[in-house]
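I have placed the structure first, in the form of structure tokens, so that the comments after it can refer back to it.
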Amino acid sequence: MIGIMALDEIISVFEEGICGAGAGPVNPPLGHVCGDAVIALMCLLQDGSTEQSVARALRDRRLGFSFDPETAMVAMNIVARKATQICNGPVTEALIMSSTPMVTKALHARAARSYDDLMAGRSVAEIVRAMDEERQLLVEARGSEFLSKVKGTNIKVHFTRIGKGARRSSKMAARWLAFDPALDAEVTVGDETIHMEGIINAVIPEVAQGIGKERAPFLTALAPIASELLLAGNVIMNVTIPAVVAAAMGKMTASDAASEAQSAGLISAGIPGTKAKAEAAALVAVESMAL
């Protein structure tokens, strides 16, 4: 499965796949950075190119058209650093050099905001929810703008409900957004706006069977934006940073802070593993503050 995803994302470097994964504006997990790696490799083969020039070009590209530029750059950094554990080289160096400034800025901004909000009496859950709501609105706004340019018509997507457990009653479906999302959305294509409820569990199956097939263009418009949000668990800084800061300040234990942050991070904690990562980071922060 991971190999197929990686291949799909490598192929997405071609213009025809601009709305797909990898080199496109959407940032799905696992192999998503492969598209950027291929672009970096091809750029480095050009006469006169350097790791620094390629790094700047990659950064400008991501900042210019990604649905969520911070997520794109942080994800690029994570995967590139993992790649160095196997084999380092000019491609990974360019990716790390490109993404590190954005990673530093993103982490600092969230840490400072979390500290100020905690000092003002806000809870970890409130902070995480606010960050995730802003993440949703950013993806919707930038995604709608990008798709409008690509399609040559006005496109606007806003999810009026993002929830869990649309079809299944299992504990996994009830706990993690990505496994069984319940989505409602208001979608505009051109001059027409419609509201769709139960997109994953009702609308898509109906349209696939030819029922209400006039909704198909609206599904096509919202799909890349939905994909970005449903696979947002590849970057969990909206969950980890508030938990880390709360634990470092002595407001909560590392375990309690991580649990509260995970529960509140509907979008960023859409797949399993968030609490463990947040708690591990929070424990390091607590130990650092004790020195």
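The values are calculated or read from the model by the stated rules, or taken from the named source; none is laboratory data. Being a predicted model, the structure only gives us computed values, none of them experimental. As a convention, Cβ positions derive from the backbone with ideal geometry for all residues, glycine included, and neighbour counts pool all protein chains shown. Each accessible area value is taken on the protein alone, full model and side chains, heavy atoms only, with ligands, DNA and RNA left out. Shrake-Rupley method; radii C 1.70, N 1.55, O 1.52, S 1.80 Å.
A few comments on the model shown:
- In the stretch 166-268, the convex hull through the Cα atoms has an average projected area of 8.2 nm², a quarter of its surface area.
- Most mobile listed residue (ILE199, ILE127, ILE86) in the chain, GNM with C-alpha springs under 10 Å: ILE86
- If R0 is taken as 41 Å, the Cβ-Cβ distance between ALA223 and SER53 corresponds to a FRET efficiency of 0.75.
- On the basis of the beta-carbon distance and an R0 of 51 Å, ALA120 and ASP191 show a calculated FRET efficiency of 0.70.
- Charge dipole magnitude, Cβ of K and R +1, D and E -1 - the chain, Cα centre, debye nearest 20: 520 debye
- Those residues of the stretch 215-247 whose amide nitrogen sits under 17 Å from the label point placed on ALA112, 7 Å along Cα→Cβ: 241-242, 245
- Rounded to the nearest 500, the 222 nm mean residue ellipticity of the chain from helices alone is -19500 deg cm²/dmol, with -39,500 (n - 2.57) taken per DSSP H run of at least 4 residues.
- The Cα center of the stretch 137-179 and the Cα center of the stretch 69-99 differ in position by 27 Å.
- Potential lengthening between SER255 and ILE4 on full extension [0.36 nm per residue; Cα-Cα distance subtracted]: 86.8 nm
- Cβ-Cβ FRET estimate between LEU137 and LEU45, R0 fixed at 35 Å, reported to 0.05: 0.35
- Close Lys pairs in the chain (alpha-carbon distance under 23 Å; sequence gap of 8 or more, or different chains): 12.
- Between GLU206 and MET172, the simple spin-label model (points 7 angstrom out along Cα→Cβ) gives 2.9 nm.
- Cα-Cα separations in the stretch 107-202 greater than 16 Å, expressed as whole percent: 68 percent
- To the nearest 10, the accessible area of HIS195 is 90 Å² with a 1.4 Å probe.
- Length gained on full extension, THR160 to ARG81: 24.8 nm, using 0.36 nm per residue less the C-alpha separation.
- Local electrostatic count, PHE159, Cβ distance below 10 Å [Lys/Arg +1, Asp/Glu -1]: -2
- Taking Lys and Arg as +1 and Asp and Glu as -1, the other residues whose beta-carbon sits under 12 Å from that of ASP256 total 0.
- What the chain shows is 48 Å² of accessible area per residue, with the surface traced by a 1.4 Å probe over protein heavy atoms.
- Compactness of the stretch 235-291 is given as radius of gyration and Dmax, 10.3, 35 Å, from Cα positions.
- GNM on the chain, alpha-carbon springs under 10 angstrom: the most fluctuating residue among GLU228, GLU140, GLU186 is GLU186.
- Per-selection Rg to Rh, the stretch 80-119 - Cα, Kirkwood hydrodynamic radius: 1.24
- For the chain, a Kirkwood hydrodynamic radius built from all Cα pairs, placed in the Stokes-Einstein relation at 4 °C and 1.567 mPa s, yields a translational diffusion coefficient of 64 µm²/s.
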